[in-house]
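Throughout, read-outs are computed from the coordinates displayed, never taken from laboratory work. Computed from a predicted structure; not experimentally measured. FYI the Cβ positions are ideal-geometry reconstructions off the backbone, even for glycines, and counts take in every protein chain you see.
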Amino acid sequence: MPSDAAIKHDFRSDTVTRPSSGMRRAMAEAEVGDDVFGDDPTVLRLEAMAAEHLGKDAAVFMSSGTQSNLAGLMAHCGRGDEYIVGQMAHCYRWEAGGAAVLGSIQPQPIANRADGSLALEDIAAAIKPDDPHFAITRLLALENTIGGKVLPRSYLDEATGLAREHDLGCHLDGARAFNAAVALGLPISEIVLPFDTVSVCLSKGLGAPIGSVLVGQADLIGRARRIRKMLGGGLRQVGVLAAAGIYALEHNVDRLVEDHARAQRLAEGLAAFDGLEVTQPDTNIVFVDVASQIAEAFGDHLATHGIAVTGNYGKTRWVTHLDVGDDAVTEALEVAGRFFD
Ligand SMILES: *Cc1c(COP(=O)(O)O)cnc(C)c1O
């Protein structure tokens, strides 16, 4: 029976972080204007900061990562165009089919390999020739990190290089691109360099309550700003949220190493138990396969003791973030240990 015990340590996602007191202060004190008129100074500052960090021309604040990806895809692709994307990609699988429904963009999904990448030969095979039978292949969309895994810099160059040979645009769903950058020890501008547009979430490991930024080439960002309005994402005194984003970029990027170290500790601790098969994490997400005979009982045991994880079909996902410290990891491992005693 699933338990409804109160959550004590929340490993479900890094989206569950709550704004810290410092962040709330920044929000309360934010100077604001009307962002639809383009005169909210805090939004303008966040957008300039995001563009500078990522080494791109321009940025536009978005309500969510889903909205940001959709506006990005629609900025690249028109009705009847096609984007090549991984089967497991968020902007294909987890965004309610928005590209097709709202953008009239045909997805061309291809299998993700175990490391999250798309095989170059699969990408090449999916690019359509100029022939009236086919949709026009317009864009390659990659994701980094994907399932917590970091795509190597060399792969990003190869895949986007192939896309460029065929005149495709390149979009990166970089919801957790800062995690990838921190894990690689590279500036984020390095790992997003070959992409025209990049969507980054402020509301995950960076700890803001709401918001993403779409960053990239000026013409595409201009188009995305118009599309954002069409999608109902033109907001007014949204500097109160942008202030949280600025605070997040200033205070919560370098500390992502702590989340990665805690994920590592969690992975090592859980791997010691028979019946749990742990995938070595690159960043802050730990996937654990639970043997089918114990999956339900183990899940209930965790829930009963206030350890919240996501999962189904025997696979659990544990995400570390700002609001789970060393003590939470210790206690989660103790709780898990008691199950196996
Ligand atoms: C979370 C996430 C998004 C956006 O999600 P929202 O909940 O809409 O902010 C997009 N892509 C990836 C890879 C994500 O993890």
**Prompt:** What whole-number value in cubic angstrom gives the convex hull volume per residue for the C-alpha atoms of the chain?
**Reply:** 140
**Message:** For region 20-40 and region 114-138, what is the centre-to-centre distance using only Cα atoms, to the nearest Å?
**Reply:** 42
**Anchor Lys204: lysines whose Cα lies under 17 Å away (excluding residues fewer than 8 positions away in-chain)** = Lys149
**Message:** If R₀ is 45 angstrom, what is the calculated FRET efficiency for the pair Asp115 and Phe37, using the beta carbon separation as r and rounding to 0.05?
**Reply:** 0.50
**Request:** Taking the Cα centre of region 104-198 as origin, work out the dipole magnitude from +1 charges on Lys and Arg Cβ and -1 charges on Asp and Glu Cβ, in debye rounded to 20.
**Result:** 300
**Prompt:** Counting other Cβ atoms within 10 Å of each Cβ, which trypsin sites (Lys or Arg not before Pro) in region 238-341 have at most 16 and sit in a DSSP loop?
**Reply:** Arg255
**Request:** Quick one: angle between helix 326-340 and the longest Cα principal axis of the chain, in degrees between 0 and 90, rounded to 10, please.
**Result:** 60
**Fill in**
Length gained if Ala291 through Arg24 is fully extended, taking 0.36 nm per residue and subtracting the Cα-Cα distance, is 91.9 nm
**Prompt:** Using +1 on the beta carbon of Lys and Arg, -1 on that of Asp and Glu, and nothing else charged, what's the dipole of the chain about the Cα centre, debye to 20?
**Reply:** 720
**Request:** State, as an integer percentage, the relative contact order of the chain based on alpha-carbon contacts under 8 Å between residues 6 or more apart.
**Result:** 27
**Asked** Per the Kirkwood definition applied to all pairs of different Cα atoms, how many angstroms is the hydrodynamic radius of region 1-73?
**Response** 15.5
**Fill in**
Calc'd 3J(HN,Hα), region 123-139, phi into Karplus 6.51 cos²θ - 1.76 cosθ + 1.60 (θ = phi - 60°), Hz, glycine/Pro = x, comes to 4, 4, 5, 7, 6, 7, x, 6, 7, x, 5, 10, 5, 8, 6, 10, 8
**Fill in**
The summed charge of the Asp167 Cβ neighbourhood (under 14 Å; Lys/Arg +1, Asp/Glu -1) stands at -2
**Item:** Whole-Hz couplings from phi, Karplus 6.51/-1.76/1.60, listed for region 102-113; x for Gly and Pro
**Value:** 9, x, 6, 9, 7, x, 10, x, 10, 5, 7, 6
**Calculated from backbone phi, Karplus (6.51, -1.76, 1.60) coupling profile of region 89-99 in Hz, x at Gly/Pro** = 5, 4, 7, 10, 8, 10, 10, 6, x, x, 4
**Antiparallel bridges, percent of DSSP beta bridges restricted to the chain (to nearest 5)** = 55
**Prompt:** How large is the charge dipole for region 1-123, taken about the Cα centre, if only the Cβ atoms of Lys, Arg (+1) and Asp, Glu (-1) carry charge, to the nearest 20 debye?
**Reply:** 460
**Inter-centroid distance (Cα atoms) of region 312-341 relative to region 163-185, Å** = 30
**Prompt:** Taking Cα atoms, how many degrees apart are the long axis of helix 239-251 and the longest axis of the chain, rounded to 10 and kept between 0 and 90?
**Reply:** 60
**Request:** Please report the relative contact order for region 22-142, taking Cα pairs under 8 Å with a sequence separation of at least 6, and give it as a percent rounded to a whole number.
**Result:** 21
**Request:** Sort 190-203, 234-247, 298-311 for me by packing, meaning the mean count of neighbouring Cβ atoms within 10 Å per residue, highest on top.
**Result:** 190-203, 234-247, 298-311
**Complete:** Checked region 130-244 against the a/c 1.5 cut and the a/b vs b/c comparison, axes a ≥ b ≥ c from its Cα gyration tensor; verdict oblate
**Complete:** Any residue on another chain or 5+ positions along whose placed amide H is under 5 Å from the amide H of Ile146 is listed here as Leu151
